[in-house]
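The values are calculated or read from the model by the stated rules, or taken from the named source; none is laboratory data. Worth saying up front: this structure is predicted, and the values here are computed from it rather than measured. Note that we place each Cβ from the backbone using ideal geometry, even for glycine, and neighbour counts take in every protein chain shown. Surface areas here come from the heavy atoms of the whole protein model, side chains and all, with no ligands, DNA or RNA. Shrake-Rupley method; radii C 1.70, N 1.55, O 1.52, S 1.80 Å.
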Amino acid sequence: METCEILQQHGLGFIKNNKFQIGHDMINKNDLEEVLMNITQILKSKYDIKKWNKELLDIIGPNYEKLGYIERSAARLLGFKTRSVHMNSWLNNKELWISKRSSKKAINPGKLETIVGGLVSKGENLEQALSRECYEEANLIENDIMVKGNLCKIFDIKKITDEGYQVEELISRAVILKKDFYPINNDGEVDFFQKIMIEEITPKLLSDNFTIESSIIILSDIIKFITIKNYLNTNLN
């Protein structure tokens, strides 16, 4: 509520029925973008944000339309919905590449996760964002992939974090990589990579070793594998 009151004092919106509305009801896109830029500058000056990323993210509306954009560090402070893309990188249907987040990261330091995952930046489509993240996080390119699934929405995650309120659409692709592929991190955000057998994954997920986002994405894949396997066993017998 303190954040909303500060922004209301600057004429950038108003509190109504315990909700904060940015701008007025009929605000156009250009005016909205200007308001969002002003909001970003005020938040930067008023709050000790852990990391100012200098990265803009598209803000996603209730019908999945793009409403505007804002600095990454301010998105969760305001509870704006953003998008993230991930890749579940299998060697076969029994073994998965995972990574350990850098212990220096502000959020979820040292947690395990998918080897590729990150937020969609302003103006990027999902394929562009995923390709960028693949290279930055794992040095993974198209030629390293043997079999590629479709990009699928997994879940809308909503949770309170140290940064504020995370509202994020999780989008993921499952792939099977070539046997000789070995990930190399290019952005300094990974401590190490490892291969893990499918029977080892569930205990690690239950022991809170993985980020919540990666847990949901990996379990989604495993459920699909089990469903397909059961279908084939049932229909081929």
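Which links in 105/179; 204/224; 148/179; 94/159; 94/158 stretch past 23 Å when you go from one Cα to the other?
Too far apart for the 23 Å limit: 105/179; 94/159; 94/158.
Round to the nearest 0.05 the FRET efficiency obtained for residue 54 and residue 142 when R0 = 25 Å and r is the Cβ-Cβ distance.
That gives a FRET efficiency of 0.30.
Once the 1.4 Å probe is applied to the protein heavy atoms, the chain comes out at 57 Å² accessible per residue. When each of the peptides 152-161, 55-64 is scored by the mean number of other C-beta atoms lying within 10 Å of its residues, the order from highest to lowest reads 55-64, 152-161.
The peptide list 18-24, 65-71, put in order of mean Cβ contacts within 10 Å with the highest first, becomes 65-71, 18-24. Residues whose amide H comes within less than 5 Å of that of residue 122, counting only those at least five positions distant or on another chain, are 56, 57, 58 (H built at 1.01 Å from N in the peptide plane). Amide H to amide H distances under 5 Å link residue 116 with 87, where only residues 5 or more positions off or on other chains count and H is placed in the peptide plane. Taking 18 Å as the limit for the C-alpha separation, the pairs 19/153; 54/122; 19/46; 100/195 exceed it in the case of 19/153; 19/46. Helix content alone sets the calculated 222 nm mean residue ellipticity of the chain: runs of n ≥ 4 DSSP H residues at -39500 (n - 2.57) each, divided across all residues, give -11000 deg cm²/dmol. For segment 85-178, what is the percent of antiparallel DSSP beta bridges, rounded to the nearest 5? Roughly 75 percent of the DSSP beta bridges within segment 85-178 come out antiparallel. Rounded, prolate or oblate for segment 88-154? Axes are the square roots of the Cα gyration tensor eigenvalues, ordered a ≥ b ≥ c, and the cut-off for rounded is a/c under 1.5. Taking the square roots of the gyration eigenvalues as a ≥ b ≥ c, segment 88-154 is oblate.
Hey, which aspartates and glutamates would be in cross-link range of residue 44, C-alpha to C-alpha under 15 Å, not counting anything within fewer than 8 residues on its own chain? Partners within reach: 2, 55, 71, 163. Is segment 42-126 rounded, prolate or oblate when judged by the Cα gyration tensor, a ≥ b ≥ c being the square roots of its eigenvalues, rounded requiring a/c under 1.5 and prolate requiring a/b larger than b/c? In terms of gyration-tensor shape, oblate. For residue 154, the residues 5 or more places off, or on other chains, whose built amide H falls under 5 Å of its own are 170, 171, 172.
Normalised by the number of residues in the chain, the mean separation of alpha-carbon contacts (under 8 Å, six or more apart) gives a relative contact order of 19 percent. Across the accessible surface of the chain, with the other protein chains kept in place and a 1.4 Å probe, carbon and sulfur atoms take up 52 percent. Label segment 80-237 by shape, choosing from rounded, prolate and oblate, from the square roots a ≥ b ≥ c of the eigenvalues of the Cα gyration tensor; if a/c is under 1.5 it is rounded, and otherwise prolate applies when a/b is larger than b/c, oblate when it is not. The shape class here is rounded.
A probe of 1.4 angstrom, applied to the heavy atoms of all protein chains, finds residue 25 with accessible area near 130 square angstrom.
Between residue 33 and residue 184, the contour length at 0.36 nm per residue exceeds the Cα-Cα span by 50.6 nm. Remark: relative contact order (segment 1-111) = 15 percent; criterion is Cα-Cα distance under 8 angstrom and separation of 6 or more residues.
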